[in-house]
Amino acid sequence: ARPAMTVAAERERKSSSDQTSTSCEAATDRSRVEQLFIHAETAVDAAYALHDTVSLDLSAAARAAAMAEARSCAEHAIAQARTSAQTQPGLNSNRKLQAFFWYLSGKLATCGEDGRGCSTAEQLLSDAVKLDPTLVGAWNALGECFWHSGELEAARGCFVGALAHRRNCETLCHLSMLLRAISSSSAGSESLLSESLELAKEAVRCDARSSRAWATLGNAQLSAHGRAPADEQAECLHLANKAFLQAARSSESGACADVHMNHGLTLFLLDEFEASMQHYSSAHSLEPSLGAAAMRQQVWDYAARAAELVLARGG
């Protein structure tokens with residue numbers, strides 16, 4: 001017979017091995033659930049981006065079908081992640097996972113017919129940030145909902161809340177744009193525009209490869225031009241021009257229609273009429289509803305009148 005000490009040691013070793021195996025399995029299950037939620041977030045982001053995209057290549061019916069398919073894929077991914085979490089001991093009551101589920105569901109709800117004005121989305125996103133205030137994505141989505149509803153100060157509070165937890169490019173761009181919107185209808189507009197510009201610069205520092213960050217900086221410089229002293233206005237425009245050029249270089253698909261519109265205005269103010277008209281033409285081809293064709297005609301008329309004046313003066 002084996003000594004009693006040897007038998008006891010083997011039992012302890014087996015028990016320890018079983019515990020290690022159980023811990024590894026639990027860790028693997030948790031990792032799988034986390035991966036499913038990451039996959040679900042990717043699907044929701046894809047639907048969110050598609051909802052905001054204007055495509056001239058798709059008819060209204062085709063776009064609606066693509067949007068419905070994207071929402072369906074996202075809903076399936078969320079349900080799969082949720083079901084997987086519910087089957088794991090301890091995860092079903094996990095506050096962070098519950099908050100993340102509400103965040104994904106709320107963000108996806110904004111991709112429906114009501115868009116950012118969806119009351120269900122606002123409620124879900126509000127619940128998400130209350131349960132987990134570190135959810136930057138939920139703060140951003142909630143801020144966009146408030147912005148859409150005209151509640152600009154509430155939106156501002158959301159973006160500030162997000163930045164309190166993590167300085168990130170997306171939120172910095174949101175807040176920079178929002179402050180410019182607030183400045184157009186409130187006192188103290190100069191300080192708001194100055195803060196907007198600093199936020200845009202920080203966004204570029206956070207992610208120098210972000211086309212959106214560069215476009216936001218270009219817009220902030222363009223807005224600053226209107227409030228700058230006369231001897232600084234040209235510099236603001238040149239900096240805006242550089243930022244818009246970098247925005248186009250940083251995007252795989254090139255500049256969007258809004259960037260072309262603002263770049264066209266910047267070049268017009270710099271008396272670069274031909275380049276300005278080219279950007280307005282590009283904006284019109286991407287999104288005719290922006291009125292770029294009319295802006296292009298205005299530039300043409302202005303340039304023609306300027307040329308006539310030069311000729312009349314013997315230039």
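Please treat every number below as a calculation from the coordinates, not as lab data. All figures in this text were calculated on a predicted structure; none of them were measured in a lab. Note that we place each Cβ from the backbone using ideal geometry, even for glycine, and neighbour counts take in every protein chain shown.
Some values worked out for this structure:
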{"item": "Cleavage-rule hits, GluC sites (Glu not before Pro), the stretch 99-180, DSSP coil, Cβ neighbours within 10 Å at most 15", "result": "Glu113, Glu151"}
{"item": "Neighbour net charge for Asp258 - beta-carbon separation under 12 angstrom, K R +1, D E -1", "result": "-1"}
{"item": "By average C-beta atoms within 10 angstrom, highest first, the peptides 124-136, 207-219", "result": "207-219, 124-136"}
{"item": "Inter-label distance, nm, simple model (7 Å from Cα along the C-beta direction), Ala303/Thr134", "result": "5.5 nm"}
{"item": "Positive-pole candidate from Tyr103, Gly264, Ala141, dipole of the chain, charges at beta carbon", "result": "Tyr103"}
{"item": "The chain, helix-only ellipticity at 222 nm - DSSP H runs n ≥ 4, -39,500 (n - 2.57), divided by all residues, nearest 500", "result": "-27000 deg cm²/dmol"}
{"item": "Förster-model FRET efficiency, 35 Å R0, Thr87 and Ala64, C-beta, rounded to 0.05", "result": "0.50"}
{"item": "Whole-number D in µm² s⁻¹ for the stretch 256-315, Kirkwood Cα-pair radius fed into Stokes-Einstein, 10 °C, 1.306 mPa s", "result": "137 µm²/s"}
{"item": "Normalised convex hull volume, the chain, alpha-carbon set, Å³ per residue", "result": "187 Å³"}
{"item": "Using θ = phi - 60° and Karplus 6.51 cos²θ - 1.76 cosθ + 1.60, couplings along the stretch 204-220 (whole Hz; Gly, Pro as x)", "result": "5, 5, 5, 8, 5, 9, 7, 4, 5, 4, 5, 5, 4, 5, x, 5, 5"}
{"item": "Only Lys, Arg (+1) and Asp, Glu (-1) charged, at Cβ; the stretch 50-139 dipole about Cα centre in debye", "result": "320 debye"}
{"item": "Hz values of 3J(HN,Hα) by residue in the stretch 151-157 - Karplus curve (6.51, -1.76, 1.60), Gly and Pro given as x", "result": "8, 5, 5, 5, 5, 4, x"}
{"item": "Residue-by-residue Karplus 3J(HN,Hα) for the stretch 238-244, coefficients 6.51, -1.76, 1.60, Hz, glycine and proline x", "result": "5, 5, 5, 4, 4, 5, 5"}
{"item": "For Ser72, Ser105, order by how many other beta-carbon atoms lie within 10 Å, fewest first", "result": "Ser72, Ser105"}
